[in-house]
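A short write-up of the structure that comes next.
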């Protein structure tokens, strides 16, 4: 019977080991890019294993100490094995493609596939291999574990799109496709306001119509705040009259949304933007409303509406 409480049963004694000085330095470099917190740190904290930053272990003695801490923690055997699985992925990375120590542990111990999928996904997140991470973390067998943190990392580390040279397209220069793919696939109920704000910002900068559909699921107070954030995301673009601006002013807004829009660009925070007049005028042309102009700006300047012939 497999006894993971024995160090030699869980980890190889011979061969290359990942927690020498160079290996630890590399892991700490990854940690710095994530504001000092890796996903394995969150897992260890959630399970009550060790003190803060017990990963990576320093050398063989550090790994033995961490192994003992894991074994002594009052959590399920599968939870303990999942941490060992993550650590063995470090071994596999160092030893090359032929190494399958993590898979061997899972097979010998009977670690359920969903534990393996989750930990492999988090391991790829910690290595900034986000595309590979999502192949695991978006798996239908997984609960939305660490969803707020996953969304936060994917949005904050979204890459600039090298092929976005046209300023008049429906996106800014950042590709949020991985963050949005994770959200649309998993449909997590986000718990933190910061994660919701980051997700909505990514939605608003990618598809104005999708952002509008998203905010309509919220109560009026939160819905108004998100709607104003949507308008602000369009106003802050250098070319607010471009594709995103045209998409916004062409949306079929309900009466409350129309009122929020007019107030935001005329007397709310949006009036401070040099693009407020442009957006207000575009909306008037599309809707045919108030052809005498609406006041925009702190001094009540009127927006002249061109006659559409």
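Quick note: the coordinates plus some simple rules give every number you see, no bench work behind them. None of these values were measured; they are calculated from a predicted model. Because the Cβ atoms are built from the backbone with ideal geometry, glycine has one as well, and the counts that use them run over all protein chains shown.
Consider a paramagnetic label point 7 Å from the Cα of residue 93 along Cα→Cβ; state which residues of the range 41-68 have an amide N under 13 Å from it. Only 41, 56-57 fall inside the zone, counting backbone N under 13 Å. Sorting 235, 251 by the number of Cβ atoms found within 10 Å of their own Cβ, with the fewest placed first, yields 251, 235.
Each peptide in 34-44, 270-280 gets a packing score, the mean of other Cβ atoms within 10 Å over its residues, and the list from highest to lowest is 270-280, 34-44. Ranked by how many other Cβ atoms sit within 10 Å of their own Cβ, fewest first, the residues 282, 125 fall in the order 282, 125. Each of residue 156 and residue 61 was given a label point 7 Å from its Cα along the Cα-to-Cβ line. The distance between the two points is 3.4 nm.
Here the spin labels are modelled as points 7 Å beyond Cα on the Cα-Cβ line, and at residue 135 and residue 286 they lie 4.0 nm apart. Shown is the FRET efficiency for residue 225 and residue 128, computed with R0 = 41 Å from the Cβ-Cβ distance and rounded to the nearest 0.05: 0.80.
Among 177, 109, sorting on how many other beta-carbon atoms sit within 10 Å of each Cβ, with the fewest leading, yields 177, 109. If the label point is 7 Å along Cα→Cβ of residue 142, which residues in the range 28-46 have backbone nitrogen under 16 Å from it? Flagged as within label range: 38-44. For the chain, adding -39500 (n - 2.57) for each run of n ≥ 4 DSSP H residues and dividing by the number of residues yields -17500 deg cm²/dmol at 222 nm. Can you give me the angle between helix 21-33 and the longest principal axis of the chain, using Cα atoms only, in degrees from 0 to 90, rounded to the nearest 10? Approximately 20 degrees, to the nearest ten. Seen against the Cα atoms of the chain and their longest principal axis, helix 276-287 is set at about 70 degrees. Among 204, 193, 179, the residue with the largest mean-square fluctuation in a Gaussian network model of the chain, with springs joining Cα atoms closer than 10 Å, is 193. Under 13 Å from a label point 7 Å along Cα→Cβ of residue 20: give me every residue in the range 49-71 with its amide N that close. Answer for this model: 59-60.
Spin-label model, residue 28/residue 103: points 7 Å from Cα along the beta carbon direction are separated by 3.4 nm.
Helix 177-186: angle to the longest alpha-carbon principal axis of the chain, degrees 0 to 90, nearest 10? It is inclined by approximately 80 degrees.
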